[in-house]
Amino acid sequence: MVDRIPALTVVQTPDGWKHFAFAEHRYVEFDDTRILDAGEIGGGDGRWRSVVPEIFWRDNTDAGVVGEASVSYGDPRFHTYTLVKGEDVAVFRDRELVEQSTVAKKWSGMNSWLGGAALQALGTVRRNGVWKLLALSGDRYGFFGDGSKVWETGTISRKWPFLPPRFQTDIDSVAIVPESRWKYLCTKGSEVVLFDDSGIIEGPRPVQEKWPHLWQRLQEWEGTAPPATDAGSEAPSGAGETGTATPSGGITLPAGAIERKLSDATWPGFEDFKRYFESCAQQFWEYKTPKGVHPTSSAIVFGDGEVKQTGTTGFPPRPVMSETCDEMVRILNTAEFRAMYNLLPAGTHVVSAFCQLYVLKYREKLGLAGARGTYTLRFSVWPDVLEHQDEAQFSQDTLVRYSASDSKRTWPVTVCL
């Protein structure tokens, strides 16, 4: 059972606060009311599969610690995360590995303070271009900067004497909420507490009460295996361009890929559309990548495209590696897709149409053979699609073509089955 949160981050966005929790080989992005994104850290379908070194997620029963290191209110694509496992440190963004180092090299002051003890929890914050890190180890705390900088050290019980005894030692995770008066969010086991330097603001209370949606997702993942690491590994059941799956007559798609069922009904005319599409969904509709369309514990994944350099960043320049969306774009620009898209309800988003068609084509592979009604499902896809209209000179024709960015992410789509 997942009974603790080894790493927790609080991120400030234009819409308010959101959190990242890391447990074992997975992450959950959430706010106080709902799950925003979730999945594997690395591996074939992991969010950071081409960025985070394998040591930070493979067979990872203790995910270490994580800290948000982005510019406040910045574009979330540029949030910077810091993962620590043992002596190893990785600093990364969604599309690039910024730095791989060790605790001793990156934070020599903190390393000397640890004196060989384990770094159990880490919170990071950046203000006016200066880093400040809160490290917890046993019953001790320390505030540090990069390199040899040491701001303050002491014992948790003397710094925050109002904390219950169980929260004065061996904390699992800590996050700094950088408001005008800093707040600290700590977890230990299945409990969470929020406090500042003057006293407790909330808790301790069960994580299940504060964030029931997070706790439910963590429990859904109980006992599931970590992802494969190399191209020769066996693909998930039902994956591949030509693979097949045995119809179950029920719903076997993992619960983590289903946000909710909206209705037992479907939109008027859907049954006729479904029969027509299925009569047309022949070989030319295949999603032609090595892993095809397949389910994971957290999403329906449109299989890996080629991972290639899509730009550079920093100085000296470092490559930015991204998974390409060539296969999806190819399909969007076919005559067959345009024909089916035009039969869907007016106003349907082009990527929603894409997901609707392919969840029908691969419903048995995806474990949805017995599903009937309207569902909101989670898809790992490229949602940022642009429509280009080129009006032909001396003609009434308008030529429409689609392109997409290489920013793949988990995206909820409502579909009928």
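The values are calculated or read from the model by the stated rules, or taken from the named source; none is laboratory data. Keep in mind that what you see is a predicted model, and the values were worked out from it rather than measured. Note that we place each Cβ from the backbone using ideal geometry, even for glycine, and neighbour counts take in every protein chain shown. Only protein heavy atoms, including side chains, enter the accessible area calculation; ligands, DNA and RNA are left aside. Shrake-Rupley method; radii C 1.70, N 1.55, O 1.52, S 1.80 Å.
Once amide H atoms are built 1.01 Å from N in the peptide plane, which residues 5 or more positions from Gly39, or in another chain, come under 5 Å H to H?
So Gly39 has HN proximity to Tyr27.
With a probe of 1.4 Å, find how much accessible area the range 106-204 has per residue, and write the answer as a whole number in Å².
Numbers: 4250 Å² over 99 residues.
Counting only protein heavy atoms, the per-residue value for the range 106-204 is 43 Å².
Can you tell me the order of 86-94, 174-182 when each peptide is scored by its average per-residue count of other Cβ atoms within 10 angstrom, highest first?
Details: 86-94: 18.1, 174-182: 16.4.
Result, highest mean Cβ count within 10 Å first: 86-94, 174-182.
Scan around Leu262 for amide H atoms under 5 Å from its own, H built in the peptide plane at 1.01 Å from N, and keep only partners 5 or more places away or cross-chain.
Here the answer is Thr374, Tyr375, Thr376, since their amide H atoms fall under 5 Å of that of Leu262.
Apply the Karplus parameterisation 6.51 cos²θ - 1.76 cosθ + 1.60, with θ equal to phi minus 60°, to every residue of the range 95-102 and state each ³J(HN,Hα) to the nearest whole Hz, in sequence, with x for glycine and proline.
Karplus-based 3J(HN,Hα) across the range 95-102 equals 10, 7, 8, 7, 7, 10, 8, 10 Hz.
Based on the alpha-carbon set only, what is the convex hull volume of the range 122-192 divided per residue, in Å³? Don't skip to the answer; put the middle values down first.
Numbers: hull volume 6.3 nm³, N = 71.
Given the Cα convex hull of the range 122-192, per-residue volume reads 89 Å³.
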